[in-house]
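Taking it in order: structure first as structure tokens, then the write-up.
Just so it is clear, none of the values below were taken in a lab; they were calculated from the coordinates. Since this is a predicted model, take the numbers as computed values, not measurements. Ideal geometry is used to build each Cβ from the backbone, glycine not excepted, and the neighbour counts take in all protein chains shown.
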Amino acid sequence: MFYPVIAFFLALIPFVVIPNFGDGIRTPKEIASIIGLVAIIAVCGLYPRKRVNLKWLYLFWGWCAISVIFNSYLMPFLLGYKNGLPIFLALTSDAGVSGIPVYFLAWKELFYISLAITAIYSLASVEMWQYRKWSIFNIDIHSLPSTIKSQTFNISKMITVIVIIMCGYSIIQWAGLDNFFRTTNNQGLVAEHNIGGYWHATHRIVGTLGNPTIFAAWLVTLFPFCLYLKNKLGYVGMTMICVTLILTRSTISWLALLGILMFWLFIKQRRAFVLAMCALCLSVMLVYQHRDNPVIKDYCGLTGRIEVHKVVWEKLRDRPLLGMGLGTFEYMIGINPLVSEKLHDENWKELHDDYGQLWWSVGLIGLGLFLMFIVDVFKRFFRNVSKEGLVYASSMVAFLIVCLALFPMRIAPQSFYGVVFTGLLLNVIGG
């Protein structure tokens, strides 16, 4: 019962699309992720538990709650929108109640954080391979005994099938034959059809996630599961992921894939790792020497990330330890017309840097506690290395690399997968 629930939501969430429900793509997946995490927590409650030490995660959780108290300054009150732009009630000395306390904005993010941490604890502490028996209405129900190896194999096989289906669909999109998703540009204009020189081919390849870079970043975190199978199905999955990464031209996804392969070699083939490091250093030198090449510029472009980080730092430098508060980024940066004007009329509702946005939300203290949790996880992994643990740890490496340039902690299905794989990794390596 434990693994079927996990497998069901791992398979379901990427494909959940409901037109006219929020944005039709992210919102349905977000709701499905919440339901999935609640279901996993509930199912874990049916199994015996083992001790698990997640002190850094608990400290981070506690600091998130405490920071809500410290971050109690007033923000301009959002009155509504006009012509697509937000209208704020300006803060003045004689305006009376002209702002709202920041902590009113924190409840949603604090809920997500609490749900994620509870799910990680549940997955890490459950004795999922033990025999369990309980009675309902005098009918004995037995959960099937399982092993970590067999269930990791089954999850890997299921994920590989999902990868093949999604990559196959993305190739249909690349060919301009998709009837359901339409290409858009940076201004939000939607193409009448997906074939034509005006609409770049990379914009078509979105799977069911709605964005080519987010789609590629999600796929690369699943590469270790295809690699783990070591059979024809796994090789097909790995090949299709690589083909899709080429078509999407996602630089951060290629870096994440490189991180997976280097991590895998470091664990299994130290000599090959040393040779790969030498080749990597040489490649970096060559790229730097040809940094003015148009192709290299296209792949290494930061697309406004430096500018938005400068704007963020202008506001954050007055509160570096405490941060600006959970839930405030969208209002103070994303839909702020003054900030949007500085950023060439673009609305950055996420920083595209999860570590930077953690710093913004809960300060250097919160970011430090979170990073200590990550360090603690990998310390435990290196004390108890296994093939199954390597799969989840490699996926976590890719996830953490993607966090440097995107926001996988803040969008489904990446956030859901990250929570589940972290919990399973902790379970496999002994909590």
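Observations on the structure shown:
- Efficiency of FRET from Cβ geometry, residue 285 and residue 154, R₀ 45 Å, rounded to 0.05: 0.55
- Extended-chain gain in nm, criterion 0.36 nm per residue less alpha-carbon gap, residue 344 and residue 385: 9.9 nm
- Amide proton proximity set for residue 75, modelled H, under 5 Å, gap of 5+: 100, 102
- Amide proton proximity set for residue 335, modelled H, under 5 Å, gap of 5+: none
- Pairs exceeding a 29 Å alpha-carbon distance, out of 157/349; 232/387; 29/157; 108/157: 157/349; 108/157.
- Taking 30, 346 and counting other C-beta atoms within 10 Å, the order from fewest to most: 346, 30
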